[in-house]
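A short write-up of the structure that comes next.
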Amino acid sequence: ERRMAALDKLTEQPRLDRLEQFWESHGLVAKSIALGAPVPPLFLDKLPPGFAQDLDVDRKKQSFFLTLLPHVLKVNAEILADRSRLLSLRSQLSDPTGPSPREMDWLFGMFETYGVETHDIDELLAKVDAIPPALALAQAAKESGWGASRFAQAGNALYGQWTWNPDDKGIVPRQRPPGKTYRVRAFDNLLDATRAYALNINRHPAYNRLRTIRYDLRRKGRAPSGFELT
């Protein structure tokens, strides 16, 4: 119970030194993860303020990647679970009974979420797929200044997403031109920010080429790398 309480506090009020102690207790460094070490599912409400301080470059990079990686892996697991369900549902379409009404409701909800107006499952499958963790981590580092930006610290805005929707949480840039209404989208926690990023990559027309490359590699039995999709 004491350990769980400490983890809850770390999740709600993350401090970089305590995070580093947590990773050290699990034997985690960037190299160990690259060699297959398991990543503990530690999901933070916000970035530690330590990222806004001047840190040694290697320390900042490793800490940033270890902070975000559990969130990226969690979101990918959710996407792949949806993808698996889609593949199963597609195979049921040729059955005499077909999918259940509940499954069809879920399918049409997915069409709407991913903006597939044709209601074509293959087109949907090209969008419902994982994001290479290296790509997500690199984009987060670039857009957030390694977690030090005002947007990242104040609103978990890791991926540079803008919003024009008044219902979305957002932060007004200090140098926003007069007459412009966009804001930098803000989130309650790092997991929600990562989910929104993945959906943007998988849905927005700007990333059609990325999804085409990923789909073609999938058909060849290959999992795309972050470098290929960059």
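What follows draws every value from the coordinates through simple rules; no lab data is involved. Just so it is clear, the structure is predicted and the values come from calculations on it, not from any experiment. A quick note on method: Cβ atoms are made from the backbone with ideal geometry, for glycine too, and the neighbour counts reach across all protein chains shown.
Mind checking whether some residue in region 58-79 is more than 26 Å from residue 149 (Cα to Cα), surrounded by 17 or more Cβ atoms within 10 Å (Cβ to Cβ) and out of contact with any strand residue (DSSP E or B) (no Cβ under 9 Å at 6 or more places or on another chain)?
Of region 58-79, the ones more than 26 Å from residue 149 (Cα to Cα) are 77-79.
When the remaining residues are screened for being surrounded by 17 or more Cβ atoms within 10 Å (Cβ to Cβ), the result is 79.
From what is left, the residues that are out of contact with any strand residue (DSSP E or B) (no Cβ under 9 Å at 6 or more places or on another chain) are 79.
Within region 58-79 (the criterion being more than 26 Å from residue 149 (Cα to Cα), surrounded by 17 or more Cβ atoms within 10 Å (Cβ to Cβ) and out of contact with any strand residue (DSSP E or B) (no Cβ under 9 Å at 6 or more places or on another chain)), the answer is yes, since at least one residue qualifies.
So that you can scan it fast, the table gives a plain yes or no per residue for (1) part of a loop (DSSP other than H, G, I, E, B); (2) among the small types (Gly, Ala, Ser); (3) touching a Ser or Thr at 6+ places or on another chain (Cβ under 8 Å); (4) loosely packed, with under 11 Cβ neighbours inside 10 Å:
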{"position": "88", "(1), (2), (3), (4)": "no, yes, no, no"}
{"position": "91", "(1), (2), (3), (4)": "no, yes, no, yes"}
{"position": "96", "(1), (2), (3), (4)": "yes, no, no, yes"}
{"position": "99", "(1), (2), (3), (4)": "yes, no, no, no"}
{"position": "104", "(1), (2), (3), (4)": "no, no, no, no"}
{"position": "108", "(1), (2), (3), (4)": "no, no, no, no"}
{"position": "117", "(1), (2), (3), (4)": "yes, no, no, yes"}
{"position": "124", "(1), (2), (3), (4)": "no, no, no, no"}
{"position": "127", "(1), (2), (3), (4)": "yes, no, no, no"}
